[in-house]
Structures are given as structure tokens and as C-alpha cells.
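Single-structure report; data block below.
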Amino acid sequence: MLTRIDHIGIACFDLDKTVEFYRATYGFEVYHSEVNEEQGVREAMLKINDTGDGGASYLQLLEPTREDSTVAKWLAKNGEGVHHIAFGTADVDGDAADIKAKGVRVLYEEPRIGSMGSRITFLHPKDCGGVLTELVTSADPQAGH
Ligand code: V0V
Ligand code: CO
């Protein structure tokens, strides 16, 4: 069961500059940052609020680390902006299987590693009304993600 907005992914050319925009404009601080080599991104998670299921909702700011990454490709075509949305679930495997059975393409055979040790998968944007959609199960729900 999908129980929250886990994050909204925003693609940018310059992560430090974008982090500073969100800090100066809204007062949001970086909760966590990391590089995910497999996904080809450097990212900052800005925690917006805790949620009723023990998790939290974030903005995920994404800067590409290599030219052939999905985010670099998307930025070249679209410029900066909202790249994907992510729903939180306690069971990414089960929810991905249920959604796949409804005819939506799930991009990974098995969930991969996402931010803060979470397990993630993606649904094809062409099957989701043009919205790249991610499903996330936190590594540790008590840690708030
Ligand atoms: C591509 N398309 C999108 C899109 N990316 N539509 C909406 N939102 C997006 N973000 C459209 C694109 O305009 C094309 O439509 C069509 O899909 C095919 O796109 P493409 O440019 O030819 O690119 P592909 O097919 O090589 O790759 C698209 C997919 C790829 C979605 C398959 O981006 C992917 O595997 N994404 C999942 C991984 C990812 O995005 N990782 C970065 C975030 P037209 O022009 O043909 O109509 S990592 C993350 O979130 C982490 C680590 C985390 O949360 O923890
Ligand atoms: Co994401």
C-alpha cells in the first residue's frame, strides 16, 4: 500500500546553487546528501514533513554525475524542473508486482538501492500519464525515510 509522498525529484545543473535557493527562499535545510553512482546522480534530500506512517516527505534535488545518466539526458532535453514523483510504501516488491499486473511497465526486475539505503523502483512515464513515478521502501522507517 502506498502511504505517502516520499519525495518529489527535481533535476538541476548545479546542486549547490539549487540547495541555496531552497534554503534562502523557503528555509529548507539539507537533511542528507549522497552520490548514487548506479543512478548517476549527486543528490540532496530536504525534509519537508514527517508523515502519519512513521516516514517523511522530502524534496530530492538531483544533479547528474555523468553525461550518459538518465538525469543528464532529461536535463538536456527539458532544462531544470520536476523530474519524478515517489510514493512511499512498506512493501516495494509487493506494490510493484501489483502495479505491473495492471499493465504498467516496472523498469527494474528487482528494486535497486536509493537514497539513504532505501529500495526503489520506477514505473515508465509513458504508462503513467507522462509522470516518471518511483516506489520507495525506507531502509529504516524509524529514521524517517
Ligand atoms: C523520459 N521521459 C520522461 C522522463 N524521462 N517523461 C516524464 N518524466 C521523465 N523524467 C519520456 C521522454 O520524454 C520520452 O518521451 C520517453 O520518456 C523516452 O525517454 P528517453 O529520453 O528516450 O529516455 P529513455 O527511454 O532512455 O529513459 C527514460 C526512462 C529513464 C524513464 C526509462 O529515465 C529511467 O530509467 N528512469 C529511472 C531512473 C532515474 O530516472 N534515475 C534518476 C533518479 P517522447 O519524447 O518519446 O514522447 S535517481 C533517484 O530518484 C534516487 C536515487 C532515489 O530516489 O533514491
Ligand atoms: Co527519487
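Local charge for Gly40 was computed over the other residues whose Cβ lies under 14 Å away, with Lys and Arg +1 and Asp and Glu -1, and equals -3. Arranged from fewest to most other beta-carbon atoms within 10 Å of their beta carbon, Ser69, Ser138 become Ser69, Ser138.
For a modelled paramagnetic label at Glu38, 7 Å from Cα along Cα-to-Cβ, the residues of segment 96-130 in reach, with backbone nitrogen under 18 Å, are 96-97, 106-124. Free of any trypsin sites (Lys or Arg not before Pro) that DSSP assigns to a loop and that have at most 15 other C-beta atoms within 10 Å, the longest stretch within the chain is 1-65.
From its DSSP helices (H runs of at least four residues, each -39,500 (n - 2.57)), the chain gives a residue-normalised ellipticity at 222 nm of -6500 deg cm²/dmol. Considering only chymotrypsin sites (Phe, Trp or Tyr not before Pro) in DSSP loops that have at most 14 other Cβ atoms within 10 Å, the longest stretch of the chain without any of them is 14-107. Straight-line reach from Lys73: taking Cα to Cα under 12 Å and skipping same-chain neighbours fewer than 8 places apart, the aspartates and glutamates in range are Glu63. The distance linking segment 86-145 with segment 1-65 is 16 Å (Cα centroid to Cα centroid, whole angstrom).
Indicate, rounded to the nearest 5 percent, the antiparallel portion of the DSSP beta bridges found entirely in the chain.
Just about 80 percent of them are antiparallel.
Put in line by how crowded their Cβ is, counting other Cβ atoms within 10 Å and starting with the fewest, Cys12, Cys128 read Cys128, Cys12. For the chain, modelled as a GNM whose springs connect Cα atoms under 10 angstrom apart, the maximal fluctuation among Thr25, Thr65, Thr121 occurs at Thr25.
None of the figures in this text is laboratory data; all of them are computed from the coordinates on show. This structure is a prediction, so every number in the text was calculated from the model and none was measured. Every residue, glycine among them, receives a Cβ derived from its backbone with ideal geometry; neighbour counts consider all protein chains shown.
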